[in-house]
Amino acid sequence: MRKSTTYLIFIAACITLLGFLLWVHPHFNANYFENSIRKKQQLVKMLGITDMCLFTEARYTRHLSQADHFAAFQDSPMAFEHFPSGSLTLPPLRFRK
Amino acid sequence: MDFTLSSMLRRKWKNISLIVVYSAIVFMITSVIFFANAIRKEAEAVLQDAPEVVIQKLMAGRHDLIPLTYVEKIMEIRGVRDVEARLWGYYYHQAAGSNYTVMATDDLALKDDEVVIGHGVLRTWGTVREKQLYIRGYDGRLLILKIKDILNADTELFSADLILTTASSFRRIFGVPAGFATDLAVRIRNLNECQTIAEKIVGIFPDTRPVLREEILRTYRSLFDWRSGYVLVLLSGAVLAFLIFAWDKATGLSGEEKSEIGILKALGWDTSDILLLKFWEGSVICLTAFFIGVLGAYVHVFFTRASLFEHALKGWAVLYPLFRLKPEINFYQLSVVFALTVFPYVLITIVPAWRVSTTDPDAVMRQG
């Protein structure tokens, strides 16, 4: 088989696989994700949750939307950002205006 | 294309190393895009049911406990459907070295010595005995709380560190006096009136700060903004290194490549044929790298739960939620990655080849 044929088959396979992953795969577990989101919505509504539980190392990263000005500088006035997740996240929107 | 591939196979390891590095760059960038997009969509879908307005009390710029007497005045505002006093706070468990969020709720029919916890609490608490938690209160007293239930594992992204208890248990743990709450969650009938009602509340209680649901959603929309933060810093070093490598490879044609072009010209190849050859060479490398990178990123984010990012996201935290993200692809961003992956590299491959192919073949062959 010619090298170009082999390469084009490889590219065609990649395109097919990418197309499958982008357009078909999301439907495989659609029910699971719908149920999952519904359960989360119920929990959020019941408890009045305002933030994701993604960064639990500091309170101003645990509740990103609820942090006050002082939370990030709780250790000292000139405390540079020392939590890794604080470098990933941005301050709440109202502090950036 | 056959000739291009044969030519590339003559410099097999150089081209393979270029494809590997290029694929890694595309993999990293695409993984960040997929992950950030999926998390943002999840936050937008779920936090739609967050309270319309959260009222916090401030004292000297810091978050302070809010008196329950504020509830009655806020309820009198036209358009307010309900005001719920929320009790929540952070408990640091020394044995686990982890922070937990303790919340009071009346919705789970709990007794004062019962709690409902998230899966992350069970995983990390470390000193759970016979389905009981031992919590040290603000006054040093030990409280023994029975685990009545565990929150659904599918909700870990929002509940992994939650410990739900009754209001009186909460006050015993943290010493929050009766008549005060952490903040107030305000439910509003007409969502278009949120801003107006928030302004009215601040007018009545100038020592409060409203947090609107829209602000919460926008905070999470801009979360993981990969145009800022150390993700970009990390990537910029890698991207710069790759650009230097690719530029060196593409612009500094080796002697062998120059003599190859010279020979082809001497054999009667036109400049346009040489450029087409180089175009295919560049295209093969970037298309291969693009597909390997993007497919790898999809598998990494949606099949292995973005395991490579876990350490960065976890930071120094002990507790990290286990969650599956719904595949959500932003095709605009994917097409930008494609454009940035393919076009610049093909261009910097063609330009030096054009310079060499317009030179006298004899001179080129002698140089090689």
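Every number here is computed from the coordinates shown, using simple stated rules; none is lab data. Predicted model only: the values in this text are computed from it and were never measured. When we count neighbours, we look across all protein chains shown, and the Cβ atoms used for this are built from the backbone with ideal geometry, even at glycine.
For Cα pairs less than 8 Å apart in space and 6+ apart in sequence, what is the mean separation divided by the residue count of chain B, i.e. the relative contact order in percent?
Numbers: 534 pairs, mean separation 106.2, N = 368.
RCO, chain B: 29 percent.
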Checklist outcome for this item: The Rg/Rh figure for segment A:1-48, Cα atoms and Kirkwood Rh, to two decimals is 1.45
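Taking each pair of distinct Cα atoms in segment B:50-221 once, what is the resulting Kirkwood hydrodynamic radius in Å?
On the way: mean 1/r = 0.0576 Å⁻¹.
Its Kirkwood hydrodynamic radius stands at 17.3 Å.
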Checklist entry - Which residue, B:GLY89, B:GLY175, B:GLY61, has the most motion in a Gaussian network model of chain B that connects Cα atoms within less than 10 Å? => result B:GLY61
Item to check | Rounded to whole Hz, the Karplus (6.51, -1.76, 1.60) HN-Hα couplings of segment B:95-108, x for glycine and proline | outcome: 4, 8, x, 10, 8, 10, 9, 9, 10, 9, 8, 9, 8, 10
Checklist entry - Helix by helix, which DSSP H runs in chain B go 18 Å or more along their axis at the Cα atoms and have an average Kyte-Doolittle hydropathy of -0.5 or more? => result B:12-46, B:229-251, B:271-302, B:331-357
Checklist outcome for this item: Counted neighbours (other Cβ, 10 Å), sorted fewest up, put B:THR155, B:THR124 in the order B:THR124, B:THR155
Checklist outcome for this item: Fewest-first ordering of B:LEU191, B:LEU217, A:LEU54 by Cβ atoms within 10 Å yields B:LEU191, B:LEU217, A:LEU54
Checklist entry - Would you list B:MET8, B:MET1 from fewest to most Cβ contacts within 10 Å? => result B:MET1, B:MET8
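Using the structure shown, list the pairs from A:LYS45/B:LYS57; B:LYS57/B:LYS200; A:LYS39/B:LYS146 with a Cα-Cα distance above 19 Å, or answer none. The partial results should precede the final answer.
Working: A:LYS45/B:LYS57 22 Å; B:LYS57/B:LYS200 15 Å; A:LYS39/B:LYS146 24 Å.
From A:LYS45/B:LYS57; B:LYS57/B:LYS200; A:LYS39/B:LYS146, over 19 Å: A:LYS45/B:LYS57; A:LYS39/B:LYS146.
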